[in-house]
Structures are given as C-alpha cells and as structure tokens.
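Please treat every number below as a calculation from the coordinates, not as lab data. This is a predicted model, so every value here is computed, not measured. Cβ: placed from backbone, ideal geometry, glycine included. Neighbour counts: every protein chain shown.
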Amino acid sequence: MTTQRRHDIDILRVLAFGLLILYHLGMAYVAEWGWHVKSSHQSETLQLVMLALNQWRMPLLFLISGAATYFLLYKLGGRGFLFHRLHQLLIPLLFGMLIVVPPQAYYEALANGVIEPGYLNFLWRYFTFQPWPADSFTGSHVGITWNHLWYLPYLLCYTVAVIPVALWLRARQQQLTAWISEIRVWQLLLLPLLPLTLYGLFLFPRFGGINYAVIGDWYTHAQFFTFFLCGYLLVSNRAPWQLLSHWCIPLVVAAALSYSLFLFFDKVLPEDAFYGQSFIHLVIVYANRWFWLLAVLACAYRYLNKPFRWLPYANEAVYPCYILHQTITVTTVFTLGSLPLGPVFEPLLVLLITVAGCLLIHELLIRRVPLLRLLFGLKPLTGKRSPAASSLAQGT
C-alpha cells in the first residue's frame, strides 16, 4: 500500500481541467458539431484535434478521480470520505445549477431564437422547472440544466459505489498487492480492453452514448467507473508506474499509431470493406482511448512527479475554474459574435477572457470569502494565515 503524495496526479488534475477549458472553447468553433452557442467562424480542420482529445479527456478525469479516491479513503475512512465528497460535490453542483449555469441556458435560448432578451424573465420561468419548447437549450425538456457540471453527479455515483468495492479489495490487500507488483506491460495494455470492448458490444447498442442525465446511462457508467477503478488500483502500488515510466516513449508511439488507425477506420475506410470490420473498429476505438491514457500517465510520472511551487495554488484554483469557465466562454462567444473580430482574434480573445475571468474571480473573491469557498467546494480557511499561505499549505 502506498500513501505518498503523488505530485504527477495533482498536475494531471490541473492539466486535465485546463484541457477541458480549451476543449469547450473549441466546441464553439469546430464545424458540424453542436454546442450551446456557436461562433460564425468555424473550422473543419479543428475536428481532427477535437476528435483526438474527446476519446480520452473524460476517461482521464475519472481515472484521476479514482486515484484521488484511493488516498482520501485511506486518510478519512469510509464515512469521512463519503461526507467529504458529499460536501465537495453536492454543494457546488446545486450552487452551479442555481447561479452559474443559467446564463448558459439563457444565451443558448437566445441564439436559438426561442426567447426574447431579458434575463430576469428567463430566470422566472427557468426556476419553475417547466419544460421549454424543444431545442431551447440543453436540458430544456426538464426546464433546468446542469450542463458541464454533469461530471459532478456522475462522480458522486462512483463515490458511493466505490466504498463497498474498496472494503472488498482491502480485505484482499495482500493478494492484490502481490498481483499488481508482478504486473507485466502486456497486462497493462490489454486487460482493461476486455471489459471496455464488452461494453461496446453489448451496452452501447442498447443504451447509446452518454445522456448526461445519470439515470439509464448504463454504458457510460460502466465505462467511466472502469476508468475510475483503474485509477484507484494503479496508485495503490508503485510497480505499474515504474513499468509505465520505462515504457514511456513506446507508449507515446503506440498512442499516435492507434489514433492513426482510428482515423483510418473512421474517416477513410468504407463501411463493410471486409468481414469483421466493425468489431476491429470497435477494438481500435478502445485501444486508442486506453493507450493515450497510459501514455499520458507514463509521461506525467516520468517528468512531472515533482513538488512544483505553483502546484498547491493551481490545485485549489482548478475546481472553481472548472465550475465557472463554461459560463464565461458561452457568454463571451455570444457577446463577441456581433463584432468583426475574425477567425483568429475572436477565439484568442474568448480564451483570454475565459482564463482571466476564472483566475480573477477565484483570486479576488472565491478563495478569500468563506461562504464562497464552501459553495465552490474548497476547504475552509483555518487559523490566522493569509489566503495565499493557506492555499499553498493545503492544496486540494
């Protein structure tokens, strides 16, 4: 059992949420992909970059959450861990749905031509939870939405589900440690592909892709909880990480090759070109997803497992920035859309406003006001230390 702080996991958490901010910015500008508010400047080339990221960006977040869960469970115990997570996830989710997310729905409904301008009138109807006309905004069929905060209720489900699993694994800790200590690279590469492929064969045809509603989303739950458990198991032992570090460069090459194969099957090869094509395509999809995760984990462990001075502050800031960023992005894209800024300056300005807005709101308000710290899922300030000193000392 290992309990040493993993700086690479902390850094990956910051980078993964930073990548999420960039990805959501890209959604406003990528051609042929729907999103809340779209810019008039759209790029088909951007699809290749977005496609490369969306295969593993959310699995990475759930894997990192599983890794964090391992350390928190060891530190807090089952009951303490559950109460900690309920506080950290439920309060920001409810606050976000009530205060942070509504502007996204408002500007999406405006962009779709469903409502007239007037935010207060929109809020009056929004909080009655009455269904809106079809395609008013994401979640309009129930009258309210959590948009990008869907990650929080999904993570909450896995938080509850992992506790009995963790107790079962802990009772078999000696056998589990012995097995993980002897793990081989082929096992790291191939074993997770078996359940993922089975999900694709049997669950995806019945339930489809993610519905963002938690209920009835069994394919998504099976996939994300598997990545969550992989993160939990991987950080319980140092042996897999030494193996990943040794194979870092080959894993990067394997990830690049798997994406090339993914594009070939998805974009180039005609349908039904040969017998068994759909099954091979399915395996390639999950191999691409898993190889990229392994490559990212390997590179982070090899090069980033260091206590950088900026890391505690970034680790605290990243959660509020995640909660805030999409509202700032949607609002800014809608507002700047009427200006002749062009296809280069407009997205750069949106990115600047989004990042600066998140960091300034966090620095000047959230981290300094106890109530806001609670609403954004941060630890309370303790003692007489300044907010800066407290942040550097605590991290998340």
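Below 20 Å, Cα to Cα, which aspartates and glutamates can residue 38 reach? Residues fewer than 8 away in the same chain don't count.
Within the straight-line cut-off, residue 38 pairs with 108, 116, 135, 346.
Using the beta-carbon distance between residue 23 and residue 114 and R0 = 25 Å, what value does 1/(1 + (r/R0)^6) give for FRET efficiency, to the nearest 0.05?
0.45
For residue 68, what is the net charge nearby, where nearby means another residue's Cβ is under 15 Å from its Cβ and Lys, Arg count +1, Asp, Glu -1?
+3
With no other cysteine's Cβ closer than 4.7 Å, which Cys residues of the chain count as lacking a disulfide-compatible partner?
157, 230, 248, 299
Return P(r) of region 1-59 (all Cα-Cα pairs; 10 Å bins starting at 0; whole %; ordered from short to long distances).
P(r) for region 1-59, in whole percents per bin: 21, 42, 21, 11, 5, 0.
Could you tell me what % of all Cα pairs in the chain have separations over 41 Å?
Tail fraction, whole percent: 15.
Go through 99-109, 186-196 and give me the packing order, highest mean Cβ count within 10 Å leading.
Listed from highest to lowest mean packing, they are 99-109, 186-196.
Find the relative contact order for region 1-108 and round it to a whole percent, using C-alpha pairs within less than 8 Å whose residues are 6+ positions apart.
25 percent
Tally Lys and Arg at +1 and Asp and Glu at -1 over the other residues with C-beta under 14 Å from the C-beta of residue 43: what net charge comes out?
Every neighbour counted, the sum reads -2.
Would you kindly give the portion of the calculated P(r) for region 108-224 that falls above 25 Å, as a percent of all Cα pairs?
Distances greater than 25 Å cover 49 percent of the Cα pairs.
Out of region 298-367, which trypsin sites (Lys or Arg not before Pro) are coil in DSSP terms and have no more than 10 other C-beta atoms within 10 Å?
Taking region 298-367 and a limit of 10 other Cβ atoms within 10 Å, the loop trypsin sites (Lys or Arg not before Pro) found are 309.
Roughly how large, in nm² to one decimal, is the mean projection of the convex hull of the alpha-carbon atoms in region 168-300?
Answer in nm², one decimal: 9.7.
Per-residue ellipticity at 222 nm for the chain, helices alone: DSSP H runs ≥ 4 residues times -39500 (n - 2.57), over residue total, nearest 500 deg cm²/dmol?
Computed ellipticity for the chain at 222 nm equals -21500 deg cm²/dmol.
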